[in-house]
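The values are calculated or read from the model by the stated rules, or taken from the named source; none is laboratory data. None of these values were measured; they are calculated from a predicted model. So basically every Cβ, Gly included, is an ideal-geometry build from the backbone, and we count neighbours across all protein chains shown. What goes into the accessible areas is simple: the full protein's heavy atoms, side chains included, and nothing from ligands, DNA or RNA. Shrake-Rupley method; radii C 1.70, N 1.55, O 1.52, S 1.80 Å.
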Amino acid sequence: MSRSFLRPAVVVLAGALLAAGCSAGSTASPGGGAGTGPDAPLRIGLTAEPANLDFTRTDGAAIPEALLVNVYEGLVALDQQTGEIVPALAESWTVSPDGLVYDFTLREGVTFSNGEPFTADDVKFSIERVQSDEWTISLKDGMSVVSGVEVVSPTQARVTLAQPSNSWLFRMTTRIGAMFDPSGVGDLANTAVGTGPYAVAEFRRGDALVLARRADYWGEAPAIGQVVLQYFDDATAATNALLTDGIDVIGTVQAPESLAQFEGDDRFQVIEGTTNGEVTLAMNNAAGPTSDPRVRRAIAMAIDHEAVLSTAWAGRGTLIDTMVPPTDPWYQPLPDVTPFDPDAARALLAEAGTPNPTLRFRIANLPYAVASAQVVQSQLAAVGIDAQIEPLEFPARWLEEVLTNADYDLSIVAHVEPRDIRTFGNPQYYWRYDNAEVQRLLAESEQGTQEQQVSALQEVGRRIAEDAAADWLFLLPNLIVADVDVQGLPENRIGEALDLTALSRG
């Protein structure tokens, strides 16, 4: 196995494991019972459960995984097969020659799930709300380039940028581009009012999120009337549920070794696709032993990434060398930057004056992170590093102590937000990486031609790898197992959403 695009990769989502129960006012009845008829709920087993329904104030990917595209829509969306930006609530748009003014023509006849019409006033409200204190997650920074939003007419919205931005429209395909109704944001943690084809019918704490098809949806109605997202914190339980008809789909396989029993069984199908989720060994760049770049490079060179992938995830995945998946335009293999070299790792540790450091290895308590940490711990021990593993409940404790407070030396979590190489330009992000040249290159990549953008971001990728700002273990494979009659499952997961709109039963 080499550090190249060996096979498609996937997201294992870094979302929440605890949920707050709520009801969102749908007329659909809750699902969860077995059944295979045309009107039976489609039951999908997932691992990372939303802590609540508010992705404007709650980090992690579990909430947008469930709600984006399905419940909330944006002006534009990301085509999961091609990675292209395609129309959504905006049927078309134009961009001024100087790249500063975006004019969106909105679809007519669109309503929110509470019956309110969607208009350009909602575009203005939604974008300005991202820029306000109501949004608290770090991704909101993607809207900082907007200098103004104008309501030209009920179906025409004009967005003006302070400066040209090559990434702004792409970022509008993520959660920051979701459109909200002003009367539907009073209790986002417990209610979700969107324009999408589904509404939240029920949220059962520690169990399931039930989505029901809207009868008044503006577009083509999905074939499945009700989808039950069933959450499991144990991979064996999810496998057994599929084998015993407790669910119809395992949306994120957490035990790759279990696939053998499905691959030879004609009752099931196995799907493997591509995503942009990087399983990342984070290193604290500002505190503790890992603040020394020699120690970070030693850690990266002590890790046999092929062995990590083979042992922790049954060899199903893609090795990468920096924070860029093969689906990004600026992908480049960098196998020689920090090659596996235990002797060089020991020499770097000695040079740094820390031949036997003890590190706090505070990881998310998710299957891929736990399995990977055990392999990494053993490999680091071979060069004299004592990495003391501490699994943290995810998301609440990990988000608070690692992501927010940066109280760690090493950590592991899967980063699933699209094109998240830009996090290395934020010294306050939990890497605590502060490099003026990287920040300059990231700013430069926002302007100029596509070729200039690619060149700048390739240089960023190389620099963060050379600095060992983090270490990238592998891209998780998109392993979906489903009953053979389930159709329309997404082969690729290169955005934040699990798109349920094309699902059907054959």
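Points to keep in mind about this one:
- If you go through the stretch 191-243 and keep only what is part of a loop (DSSP other than H, G, I, E, B), modelled with pLDDT under 95 and not hydrophobic (A, V, I, L, M, F, W, C), you end up with Arg205, Gly206, Asp207, Asp233, Asp234.
- Subset tally (residues that are more than 18 Å from Asn284 (Cα to Cα), modelled with pLDDT of 95 or more and open to solvent by less than 10 Å² (accessible area, probe 1.4 Å)) for the stretch 462-476: 1
- Phe203, sole failed condition from (1) touching a strand residue (DSSP E or B) at 6+ places or on another chain (Cβ under 6 Å); (2) free of Cβ contacts under 8 Å to residues at least 40 places away in the same chain: (2)
- Exactly one residue among Ala443, Ala468 is farther than 30 Å from Ala307 by Cα and among the small types (Gly, Ala, Ser), and that residue is Ala443.
- When the stretch 170-182 is filtered for residues that are crowded, with 17+ Cβ neighbours inside 10 Å and in a helix (DSSP H, G or I), the ones remaining, listed by number, are Phe170, Arg171, Arg175, Ile176, Gly177.
- Taking each residue of the stretch 102-128 that is on the phi > 0 side of the Ramachandran plot and looking for partners that are not hydroxyl-bearing (Ser, Thr, Tyr) with beta-carbon atoms closer than 8 Å, six or more apart or interchain, yields Gly109/Trp218; Gly115/Asp216.
- Of the listed requirements (1) without any contact (Cβ under 8 Å) to a residue 24 or more places away in the chain; (2) open to solvent by 50 Å² or more (accessible area, probe 1.4 Å), Ala237 misses just one: (2).
- Residue check for Arg205: surrounded by fewer than 18 Cβ atoms within 10 Å (Cβ to Cβ) and of a type in the set (Lys, Arg): yes
- Scan of the stretch 343-366 for residues that are open to solvent by less than 40 Å² (accessible area, probe 1.4 Å) and in a helix (DSSP H, G or I), ordered by number: Ala344, Ala345, Leu348, Leu349
- Beta carbons closer than 6 Å, at least 6 apart along the sequence or on distinct chains, pair a first residue in the stretch 73-99 that is among the polar types (S, T, N, Q) with a second that is modelled with pLDDT of 95 or more and in a strand (DSSP E or B) for Ser92/Thr105; Thr94/Asp103.
Per-residue answers, yes or no, for (1) farther than 19 Å from Tyr429 by Cβ; (2) more than 25 Å from the chain's Cα centre (by Cα); (3) touching a residue at least 24 places away in the same chain (Cβ under 8 Å):
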position	(1), (2), (3)
Val279	no, no, yes
Asn285	no, no, yes
Asp304	yes, yes, yes
Thr311	yes, no, yes
Thr327	yes, no, yes
Gln332	yes, no, yes
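- Residue within the stretch 174-191 that is among the β-branched types (Val, Ile, Thr) and within 21 Å of the chain's Cα centre (by Cα) present: yes
- When Asp434, Asp499 are checked against the criterion of being among the charged types (D, E, K, R), in the same structural domain as Trp313 (by the TED database) and part of a loop (DSSP other than H, G, I, E, B), a single residue qualifies: Asp434.
- Selection within the stretch 393-411 - in contact with an Asp or Glu (Cβ under 6 Å, 6 or more places away or on another chain) and surrounded by 19 or more Cβ atoms within 10 Å (Cβ to Cβ): Leu399
- Of the strands (runs of 3 or more DSSP E) contained entirely in the stretch 44-159, those carrying at least 2 residues that are β-branched (Val, Ile, Thr) fall at 85-87, 90-95, 101-106, 146-153.
- Subset of the stretch 89-147 (residues that are of a type in the set (Ser, Thr, Tyr), under 26 Å from the mean Cα position of the chain (by Cα) and under 23 Å from Pro197 (Cα atoms)): Ser113, Ser126
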